[in-house]
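The values are calculated or read from the model by the stated rules, or taken from the named source; none is laboratory data. Fair warning: this is a prediction, and the values are worked out from it, not measured in the lab. Neighbour counts run over all protein chains shown; Cβ positions are idealised from the backbone, glycine included.
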Amino acid sequence: MKILLRSLVIISFFPVVVFSADVNKEYTLKNESLTLKDCYKLALKQSELIAIDAEQIKIAEAHFLQAFGTIMPQVSFSHTETRNSHNTALNNTHEEKFIFTQDLFSGFKEFAGMKSSNFEKRQRQNELWRAQQLLFVDVSDAFYLLLEIQQDLNALKTIEFALKDRVGELKTRENIGKSRASEIATTEYQLYNLEAEVQLERNQELLVRQLIEFLIGRPLDTIMESKFDFDIKPEGQYLAEASFRPDVQAAYYLSRSDQEKIAIARSGFFPQVNLEGDYFTHRTSTPADSRWETLLTVNVPLFEGTTTYGQVKEASAVAKQSGLLYSRTGRIAIENIHDAYVNMQISVLRKRTLGKALKSAELSYHLQNQDYKLNVVNNLDVLTAIQNLEDVRRSYIHTSYESKRFYWQLLAAAGEINPEKIIK
């Protein structure tokens, strides 16, 4: 159970997140058994970090609109009146005009900005998808951990019943002189120790239940397991998908976005060409009969200290950092897949072996119990058989649900969990 406690502690530190994108549908279940899919749907609605990631996509879209707006014409209306102390018609002016402004050339920074924001949007989308995958792992870990504890409690109750039956039989045999008081005391000690273990398991069940309720944002009644078959592919196929994992893709698009920002910074070395046109609806200044007036401005940067150079150098360093982050994220993904695959393989093999051990332990307990009635073995042999059966059965339960948690962790490590299919 130390492993379970460690898992619970790790899971409980995961931040929980309100989904607001495509899964923003009403989904409520009352007094029903929740499946893993049900819990995940509720968790998507509840999790705040996923909602934050969804808003990041909107921010990236806004950045694109801002960059695109700089290449569009700017139109404004101006009303100007001038009065002086003489207050004569010749000295007073009154103008009303439409002002049209168009940037003709600014070092292509607008196009670089649009490409950068486009990459940023893809980055945020992949970050959202990854957050959804990790949330599913959090939910599945807690879900199967609760099922494991419940099955473990059932196993403990079965052993408790066997020990109580054992105490009753020993007391009957003591009355006819076929058993000693020390044998009863030894069995009762094991029974009380088991009852203490049951109380500890119930406390853990309460903690895990509270964790699931925190994730799904509502009280939990019961949960129901849906059966599924493990579809484990060769490790090489999972490793081949490492570069397509959403967080790796997000790091890639971040590096591309930062590369475009170098072009934005370099635009400071280029001339700036602007065209401004005024259309007068009312004019008192000279020439009064002219309705149109245009102004072409060319600004050539000759010397601005080292400001632009510093901006280019900073953008280049940031882009290099992003490239290194992309490389590291890819290597971490490969390591995650390898570790998850090894854990899954070992867990499956261990489950098979423990299944055989459980059958042998059950047979041993049955035979020891029969031999005791024939006075072939003593009470200590029977208690040892009960203890062995308890240990093997609990280990088998733990490994069975551990393999299910490892299965989803493997799919998450390979980026194969598709939240959109899960929530349908």
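Computed values, structure above
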| quantity | calculated |
| --- | --- |
| Residues within segment 349-379 that are in a helix (DSSP H, G or I), of a type outside the set (A, V, I, L, M) and within 20 Å of Arg166 (Cα to Cα), tallied | 11 |
| Search result, residues across segment 34-72 that are part of a loop (DSSP other than H, G, I, E, B), modelled with pLDDT of 80 or more and touching a strand residue (DSSP E or B) at 6+ places or on another chain (Cβ under 9 Å) | Thr35 |
| Residue check for Ala251: surrounded by fewer than 17 Cβ atoms within 10 Å (Cβ to Cβ), part of a helix (DSSP H, G or I) and aliphatic (A, V, I, L, M) | no |
| Those residues of segment 299-344 which are β-branched (Val, Ile, Thr) and part of a helix (DSSP H, G or I), in sequence order | Thr307, Thr308, Val312, Val318, Thr329, Ile332, Ile334, Ile337, Val342 |
| Qualifying residue in segment 119-130 (condition: assigned to a helix (DSSP H, G or I), in contact with a Lys or Arg (Cβ under 7 Å, 6 or more places away or on another chain) and of a type in the set (D, E, K, R)) | no |
| Residue check for Glu416: under 40 Å from the mean Cα position of the chain (by Cα), among the acidic types (Asp, Glu) and part of a loop (DSSP other than H, G, I, E, B) | yes |
| Index of the failed condition, Ala196 passing every other in (1) over 29 Å from Tyr396 (Cα atoms); (2) surrounded by fewer than 12 Cβ atoms within 10 Å (Cβ to Cβ); (3) of a type in the set (A, V, I, L, M, F, W, C) | (1) |
| Matching entry among Gln132, Gln102, Gln150 (being within 30 Å of Leu325 (Cβ to Cβ), polar (S, T, N, Q) and surrounded by 14 or more Cβ atoms within 10 Å (Cβ to Cβ)) | Gln132 |
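Here's the yes/no breakdown for (1) of a type in the set (S, T, N, Q); (2) at pLDDT 90 or above; (3) surrounded by fewer than 21 Cβ atoms within 10 Å (Cβ to Cβ):
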position: Tyr309; (1), (2), (3): no, no, yes
position: Val318; (1), (2), (3): no, yes, yes
position: Ile337; (1), (2), (3): no, yes, no
position: Leu358; (1), (2), (3): no, yes, yes
position: Gln370; (1), (2), (3): yes, no, yes
position: Lys373; (1), (2), (3): no, no, yes
position: Val377; (1), (2), (3): no, no, yes
position: Leu389; (1), (2), (3): no, no, no
position: Ile417; (1), (2), (3): no, no, no
